[in-house]
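Notes follow the structure.
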Amino acid sequence: MKAVIFVIGYLILAPFVGALLDGVDRVITARMQGRKGPCVLQPFYDLSKLFSKQMIAVNNVQLLLNLSYLGFIVISGSMLFGGTDILMCLFLLSTADMFLVMAASSDSSPFANMGAAREMLQMMAYEPLTLLVAVGFYLAAGTFHVGNIIQSAVSPVLYMPGMLLGFMFTSAIKFRKSPFDLSTSHHAHQEMVKGITTEMSGPTLAIMNIAEYYEKVLILGIFALFFINSSWWSWPVAIVFCLAIYFMEILWDNVSARLHWKTLLTSCWLVTLLTAGVNLLILILMK
Amino acid sequence: MGKLSKSPWLLHYDASSCNGCDIEVLDCLTPRYDVERFGVINTGDPFQADILLITGGVNSQTAPVVKQLYSQMPEPKVVLAVGICACTGGVFKECYNIRGGIDTVIPVDIYVPGCAARPEAIIDGVVKAVKLLDEKKEKIRAQKGREEQPGGTYGSEK
Ligand code: SF4
């Protein structure tokens, strides 16, 4: 019963929470740059505008692929919030990303194609660590099942602080923040215009944005999983930590410039090895 | 305020500007003027833009580009000519390669004069463009309504 409530809550609230976080993000970013910034509700205005615009489709499949992207992310998020297998949830998340890559490479724009290629590079950069995190949860809690992980006596983060650090590093890719916003950027002043979203307009782009909001909440949910244990007070603590981590991502976004893809790949793999790898070794030796 | 007026996204194109006006356009994004507080985003992408902001007059090389950018933008859209060059050709009007203002190639909705146009004037232009966007949206909606209800008046039963 609890799981059903969580899933329904995720399905309904996630886009709103995601959009609101995005609005807060834009305000904080503006303040960090000495500007006033838009209204917190700006992402909602943007979305409703995008839906009201004329639909220019470059081909027939793009909308379908974007919808699949949204669909798979929603399923993946529902699995996490429904308390099922975290490994399956992460696999579905990667599958969803493949649909985005296909959507971007389905059109003829060189910018979109280059964005698609870089999106795949980014997947290569974050995927090893994401899988290690799942293994870490298994070693810390003895199960891949989210519903059981949150019932552990102590928060998993005590066993896997290295993994948390590594995940914080690579989730900048998922949040599409610099220095890792290679495939597309929220601020369109980059060498590839809008990268993967270049040929998406109006409703298609809106669907992609909604999917990103679902994904944002999903990633924050995984962060929360690090902190939640069987006691009730771990929930508010987890939420506070999630917000703090999100704030740090914004800060990082504002103080760093975009990296070259080679640096992205080597730095992500190095961090994976040093944080998650060492953490994993210690966990294996401990058990 | 309508939906469009709360999130107007700009596409800035330099047709043949001396860069004076371009700098002023970028000025609008700096902390001093900060157009993002109106929800304005400077997208580099015609597919996502609502307002096409052009600086400089049109020459033979940029004419096809301007036409293509305009055709790639989804309806409703507004064209904003910034700087006297974009309005009429300005000091370059008599040059052998200049065709004249932007309106020699595509329909221009709003003209922002000045050499270079001041950021305040550009923001004024953008605010006007935003109002026009809403009006155009209404027109499109009214047209659609007529198509869906042949012979009926607005609000009548189908
Ligand atoms: S109006 Fe003046 S500043 Fe602007 S492009 Fe023309 S010459 Fe340059």
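For the condition within 18 Å of B:Val130 (Cα to Cα), in contact with a Pro (Cβ under 6 Å, 6 or more places away or on another chain) and not basic (Lys, Arg), what is the one hit in B:Leu53, B:Leu11, B:Leu29, B:Leu80? Residue meeting the stated conditions: B:Leu11.
Filtering the stretch A:46-71 to residues that are at the interface with another protein chain (Cβ under 10 Å from one of its Cβ atoms), without any contact (Cβ under 8 Å) to a residue 24 or more places away in the chain and not in a helix (DSSP H, G or I) leaves nothing. In the stretch B:47-98, the residue that is farthest from the ligand (Cβ to nearest atom) out of those that are out of contact with any Leu (no Cβ under 9 Å at 6 or more places or on another chain) and charged (D, E, K, R) is B:Glu75.
Scanning the stretch B:99-109 for residues that are away from the ligand (no atom under 15 Å from the Cβ) and either aliphatic (A, V, I, L, M) or over 14 Å from the mean Cα position of the chain (by Cα) (or both) turns up B:Thr104, B:Val105, B:Ile106. Of all residues in the stretch A:81-92, those satisfying the criterion of being out of contact with any Leu (no Cβ under 6 Å at 6 or more places or on another chain) and assigned to a helix (DSSP H, G or I) are A:Phe81, A:Ile86, A:Leu87, A:Met88, A:Leu90, A:Phe91, A:Leu92.
Considering every residue within the stretch B:20-30, establish whether at least one is surrounded by fewer than 17 Cβ atoms within 10 Å (Cβ to Cβ) and away from the ligand (no atom under 14 Å from the Cβ). Within the stretch B:20-30, one or more residues are surrounded by fewer than 17 Cβ atoms within 10 Å (Cβ to Cβ) and away from the ligand (no atom under 14 Å from the Cβ). When A:Phe223, A:Phe227 are checked against the criterion of being more than 14 Å from every other protein chain (Cβ to nearest Cβ), over 16 Å from A:Ser76 (Cβ atoms) and touching a residue at least 24 places away in the same chain (Cβ under 8 Å), A:Phe227 stands alone in meeting it. Residues in the stretch B:72-87 that are at pLDDT below 90 and out of contact with any strand residue (DSSP E or B) (no Cβ under 8 Å at 6 or more places or on another chain): B:Gln72, B:Pro74, B:Glu75, B:Pro76.
Taking the stretch B:61-137 as the region of interest, the strands (runs of 3 or more DSSP E) fully inside it that hold 1 or more residues being away from every other protein chain (no Cβ under 14 Å) and of a type outside the set (A, V, I, L, M, F, W, C) are B:98-100, B:110-112. Scan the stretch B:2-19 for residues that are within 16 Å of the ligand (Cβ to nearest atom), closer than 18 Å to B:Gln72 by Cα and in contact with a Ser or Thr (Cβ under 7 Å, 6 or more places away or on another chain) and the total you get is 2.
Residues in the stretch A:43-54 that are more than 24 Å from the chain's Cα centre (by Cα) and within 15 Å of A:Thr197 (Cβ to Cβ): A:Lys53 alone. Exactly one residue among A:Glu212, A:Glu199 is in contact (Cβ under 8 Å) with a residue 40 or more places away in the chain, farther than 19 Å from A:Val133 by Cβ, of a type in the set (D, E, K, R) and assigned to a helix (DSSP H, G or I), and that residue is A:Glu212. Against the numbered list (1) within 21 Å of A:Thr29 (Cα to Cα); (2) surrounded by 18 or more Cβ atoms within 10 Å (Cβ to Cβ); (3) over 18 Å from the mean Cα position of the chain (by Cα), A:Ile219 comes up short only at (3). Considering A:Thr263, A:Thr197, A:Thr204, A:Thr184, the condition of being of a type in the set (Ser, Thr, Tyr) and surrounded by fewer than 21 Cβ atoms within 10 Å (Cβ to Cβ) is satisfied by A:Thr263 alone. A:His145 meets all of the listed conditions (1) surrounded by fewer than 18 Cβ atoms within 10 Å (Cβ to Cβ); (2) without any contact (Cβ under 8 Å) to a residue 24 or more places away in the chain but one, namely (2). Taking the stretch B:19-48 as the range and being more than 9 Å from every other protein chain (Cβ to nearest Cβ), out of contact with any Gly (no Cβ under 7 Å at 6 or more places or on another chain) and hydrophobic (A, V, I, L, M, F, W, C) as the test, the residues that pass are B:Ile23, B:Val25, B:Leu26, B:Cys28, B:Val35. Within the stretch A:29-41, does at least one residue satisfy the condition of being part of a helix (DSSP H, G or I) and touching a strand residue (DSSP E or B) at 6+ places or on another chain (Cβ under 9 Å)? No: zero hits.
Residue check: A:Asp97 meets all listed conditions (1) part of a loop (DSSP other than H, G, I, E, B); (2) free of Cβ contacts under 8 Å to residues at least 60 places away in the same chain but one, namely (1). Going by what's in this entry, would B:Leu29 be described as in contact with a Leu (Cβ under 6 Å, 6 or more places away or on another chain), of a type in the set (A, V, I, L, M) and within 23 Å of A:Tyr45 (Cα to Cα)? When the stated conditions are applied, B:Leu29 does not pass them.
The values are calculated or read from the model by the stated rules, or taken from the named source; none is laboratory data. Computed from a prediction, not measured in an experiment: that's the story for all the values here. Virtual Cβ from ideal backbone geometry, glycine too; neighbours counted across all protein chains shown.
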